[in-house]
1. Tally the residues that are in contact with an Asp or Glu (Cβ under 9 Å, 6 or more places away or on another chain) and either among the acidic types (Asp, Glu) or under 15 Å from Val12 (Cα atoms) (or both), restricting the search to region 34-47.
2. From the list Arg3, Arg46, pick out the single residue that is at pLDDT 95 or above, of a type in the set (Lys, Arg) and part of a helix (DSSP H, G or I).
3. Any idea how many residues of region 36-53 are surrounded by fewer than 13 Cβ atoms within 10 Å (Cβ to Cβ), charged (D, E, K, R) and under 16 Å from His68 (Cβ atoms)?
4. What do you reckon, is Leu60 at pLDDT 95 or above, in a loop (DSSP other than H, G, I, E, B) and not basic (Lys, Arg)?
5. Would you mind finding the one in Ala56, Ala17, Ala33, Ala65 that is surrounded by 10 or more Cβ atoms within 10 Å (Cβ to Cβ), out of contact with any Ser or Thr (no Cβ under 8 Å at 6 or more places or on another chain) and on the phi < 0 side of the Ramachandran plot?
6. What's the total number of residues in region 32-64 that are basic (Lys, Arg) and free of Cβ contacts under 8 Å to residues at least 12 places away in the same chain?
7. Determine which single condition Lys10 fails, assuming it passes every other condition in (1) over 12 Å from the mean Cα position of the chain (by Cα); (2) modelled with pLDDT of 95 or more; (3) of a type in the set (Lys, Arg).
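The values are calculated or read from the model by the stated rules, or taken from the named source; none is laboratory data. All values derive from a computational prediction rather than experimental measurement. Virtual Cβ from ideal backbone geometry, glycine too; neighbours counted across all protein chains shown.
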Amino acid sequence: MERFLTHVVKFVNVLHAAGLKVSPAELIDLCRALRIIDVGNRVEFRAAAVATLVRAQEDLERFDALFHGY
């Protein structure tokens, strides 16, 4: 799980570099959500990430492009 969390943090850094604002609290919320989803299921992971990291509807398209490219 530690290696997976490293990738989660790197992905959040990608989001930051692309101009999406993700707070440390939101990253922690995502990490908490990972305890209750199947992290091997990309659909579930994306849903948890959107729910915890995307603040505004207008950021969703950019999030999806970064998510699918990661």
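1. First, pick out the residues of region 34-47 that are in contact with an Asp or Glu (Cβ under 9 Å, 6 or more places away or on another chain): 37-38, 44-46.
Then keep just the ones that are either among the acidic types (Asp, Glu) or under 15 Å from Val12 (Cα atoms) (or both); that gives 38, 44-46.
Counting residues in region 34-47 that are in contact with an Asp or Glu (Cβ under 9 Å, 6 or more places away or on another chain) and either among the acidic types (Asp, Glu) or under 15 Å from Val12 (Cα atoms) (or both) gives 4.
2. Working: Arg3 fails: at pLDDT 95 or above.
Just one listed residue meets the conditions, Arg46.
3. First pass over region 36-53, keeping only residues surrounded by fewer than 13 Cβ atoms within 10 Å (Cβ to Cβ): 36, 38, 40-43, 51.
Cutting the leftovers down to charged (D, E, K, R) gives us 38, 42.
From what's left, under 16 Å from His68 (Cβ atoms): 42.
Selection size over region 36-53: 1.
4. Working: at pLDDT 95 or above: yes; in a loop (DSSP other than H, G, I, E, B): no; not basic (Lys, Arg): yes.
Against the criterion (at pLDDT 95 or above, in a loop (DSSP other than H, G, I, E, B) and not basic (Lys, Arg)), Leu60 does not qualify.
5. On the way: Ala56 fails: surrounded by 10 or more Cβ atoms within 10 Å (Cβ to Cβ); Ala17 fails: surrounded by 10 or more Cβ atoms within 10 Å (Cβ to Cβ); Ala33 fails: out of contact with any Ser or Thr (no Cβ under 8 Å at 6 or more places or on another chain).
Answer to the check: Ala65.
6. Of region 32-64, the ones basic (Lys, Arg) are 32, 35, 42, 46, 55, 62.
Okay, now just the ones that are also free of Cβ contacts under 8 Å to residues at least 12 places away in the same chain, so 32, 35, 42.
The number of residues fulfilling the criteria is 3.
7. Single failed check for Lys10: (1).
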